[in-house]
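Values quoted throughout were computed directly from the atomic coordinates according to the rules given, and no laboratory measurement underlies them. The structure presented is a predicted model; accordingly, all values stated were derived computationally and were not measured. Here the Cβ is made from the backbone with ideal geometry for all residues, glycine too, and neighbour counts use every protein chain on show.
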Amino acid sequence: MSVRSLLLTVGGPAALLASIAVAVTIGPADISTGDVWASVAAHLGLGESALAPLRDGIVWDLRMPRTLLAAVCGAGLAVCGAVMQSLLRNPLADPFVLGVSSGASTGAVAVVVLGVGGGAVSLSAGAFLGALLSFALVLLLSHTLGAGTDRVVLSGVAAMQLFSALTSFIVLTSADAETTRGVLFWLLGSLTGADWGQVLLCTAVLAVVLVVCLGYARTLDAFSFGDEAAAGLGVRVARTRLVLLCATALLTAALVSCAGAIGFVGLVLPHATRALTGSGHARLLPVTALTGAVFLVWVDTLARTVLDPQEVPVGVVTSLIGVPAFVAVLYRGRRRT
Amino acid sequence: MSSLHADGVVRRLGDKVVVDGVTLTLRPGETVGLLGPNGSGKSTLLRLLAGVLAPTSGVVTLDGRPLAEVGRRATARRVATVEQHADTQTELTVRDVVALGRIPYRRAWTPATTADEQAVTEALARTGLADRSGQSWHTLSGGERQRTQIARALAQQPRELLLDEPTNHLDIQHQLDLLELIAGLPVTTVIALHDLNLAAMYCDRLLVLRDGRAVTQGTPAEVLTPALIEQVYGVRAQVTHDPGHPLIRPLIRFLRPGARDGSPLERRATSDAPTTP
């Protein structure tokens, strides 16, 4: 038990650091591993970079933020998925179950295609606002329907359908081929546009939400036997649900606005991680943040190299890996009933 | 001196009154049985006593303070509940489940204390589950699951234990095992039961509900009379008083009016006959 704990607490962060260190050396520009690390070290204030400014920029302004954003997105999506699955007592819940990603798409499309905001609002900001709007709608709807767990899920499904329809409608009626292609790429999830601003924003939101969720770790454990049992253990169910739904929706909105709707990380990684840690959230949440981060760093590396020079949207790769895993989850569930 | 006390509690659900002005005082250490037909308000009364449901009017107090004032967490350290049927999709060991009982004591961002571990170990020992602590919840039988839930409740170190038909899904041997266990616990217990004989055997006092109202309360010998059983359940029964507690024998044959003196065979004949006003 303690050996496993040690492996997880030391091995997890080590694996993440190693993954980032290796992933950042991989890319279409031919820069040697040593030069890449020297460049990164130079920017961290250690030693001198041997690279010309242009190639140095490739490492520090393109690869580095992209790799880090992949790590933050993977961590955030996995944590949100784990929390949603426990809170809604639904093994198939993921960060997008409340329609946040669909709302983000509509927001992004409204900005890019319809020109909402007159150019003052960026795609990311539009997506963020759309995500929050959709989440507010879900909260309102589920509250009017009685706020039970299944009501929340059903409200999310309704919002998801509504915003997907709106997005398709806007794209099909108003966008030209070029814009459609761009939007589609973003919708599928992509880390192409990663910059340091996004990395800092998402890291900050992730840190806050992770601290909040860890504070609620025992409370999440209490939901194992349902809302009623949680209430019997002294949990204020409605308040807890509201706080955690808002926290995870905020994080999801931030991630989606930067990287689009990267599917399946939030669905599959928490399940895989539970096999390692058991279901106690005090261990599950930090470890799934690490596994999610490592996973997405490698998937994104794959996405940008496998069809080099063309890029595959990272969401496509996660789904190609995710769907078989999803089936496995369903299969496990079938065995138990 | 009363610990947990319900004073004229009413709970409405829409325009239906589920619990209608019930008053119950618990004396330390006693086992109180809640009796009544399905839908008579037993579960709702238990939820009101546990504080997970707020009364529409009336008040539930713990040591004289209303539960709303005591707070959810503090209440959960005093009053533990075992539901009729508990299940989870999460992969948990017996010890994991019992450790859930420590949640009302746990602080955020801090690991379990030795007091937590000790309470869990004691609860496992008390319920005879010590050698099962590593076993998966999903591999347990119905009786073992209820036993685990009782251990979880004990890990809350309650003074009041509320049980909602805990023996419902169990065979007779496991029903008796479980009730023996419960009767031997050093806590004040309120237990909803369907089986009148089990109630007579294991309860010090009974409260009988019908349509949300308290029909009567008292010792099993005072309460379990043929007249009351017919009034509340619509069933005729013979009650004999063995040394110790009453023994109830329902007389199924007399269930239907008009067939009271008939044999079961005749009763069937009667019910098959076309009814004429």
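Quick look at the values:
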| read-out | value |
| --- | --- |
| Label zone at B:R12, where the point sits 7 Å out along the Cα-to-Cβ direction: region B:36-71 residues whose backbone N lies under 17 Å | B:54-59 |
| Charge context of A:E311, other residues only, Cβ under 14 angstrom, K/R +1, D/E -1 | +2 |
| Within region B:103-186, trypsin sites (Lys or Arg not before Pro) in DSSP loop having at most 15 other beta-carbon neighbours inside 10 Å | B:R107 |
| Candidates A:A194, A:A231, A:A75, ranked by Gaussian network fluctuation over chain A, Cα under 10 Å, top entry | A:A231 |
| Shielding of A:215-228 by partner chains, average beta-carbon count, 10 Å | 5 |
| Under-5 Å amide H pairs with B:A86, H placed in peptide plane, nonlocal only | none |
| Approximate spin-label separation A:L92-B:H138, in nm, with each point projected 7 Å along Cα-to-Cβ | 1.7 nm |
| Environment charge at B:T56 (Cβ cut-off 14 Å; Lys +1, Arg +1, Asp -1, Glu -1) | +1 |
| Chain B: most fluctuating residue of B:V70, B:V19, B:V190 per GNM, C-alpha cutoff 10 Å | B:V70 |
| Helix-only CD estimate at 222 nm, as mean residue ellipticity for the protein assembly as shown, using -39500 (n - 2.57) per DSSP H run (n ≥ 4) | -17500 deg cm²/dmol |
| Neighbourhood net charge (14 Å Cβ-Cβ; Lys/Arg +1, Asp/Glu -1) for B:V10 | +1 |
| Descending semi-axes in Å of region A:2-336, equivalent ellipsoid built from Cα gyration tensor | 32, 27, 17 |
| In Hz, Karplus ³J(HN,Hα) per residue of region B:166-172 (6.51, -1.76, 1.60; θ = phi - 60°; x = Gly, Pro) | x, 9, 4, 9, 10, 6, 4 |
| B:R213 long-range amide H proximity, modeled H, under 5 Å | B:D20 |
| Fraction of antiparallel bridges per DSSP, the protein assembly as shown only, in percent to nearest 5 | 60 percent |
| Amide H partners (placed H, <5 Å) of B:G33, local residues excluded | B:I191, B:D204, B:R205, B:L206, B:L207 |
| Kirkwood Rh in Å, taken over all unlike Cα pairs in the protein assembly as shown | 27.7 Å |
| Point-to-point label distance, B:N197-B:A54, nm (Cα→Cβ direction, 7 Å offset) | 4.5 nm |
| Other protein chain Cβ atoms within 10 Å, averaged over every residue that makes up B:104-112 | 4 |
| 16 Å cut-off, amide nitrogen to a point 7 angstrom out along A:A50 Cα→Cβ, residues in region A:1-43 | A:25, A:30-43 |
| Unit Cα scatterers, Debye sum, region A:172-259: log10 I(q)/I(0) for q = 0.15, 0.17, 0.22 Å⁻¹ | -0.71, -0.79, -1.01 |
| Contact order relative to length of region A:2-336, as percent, for alpha carbon pairs under 8 angstrom and 6 or more apart | 27 percent |
| Pair A:A165, B:T110: separation of 7 Å Cα→Cβ label points (nm) | 5.2 nm |
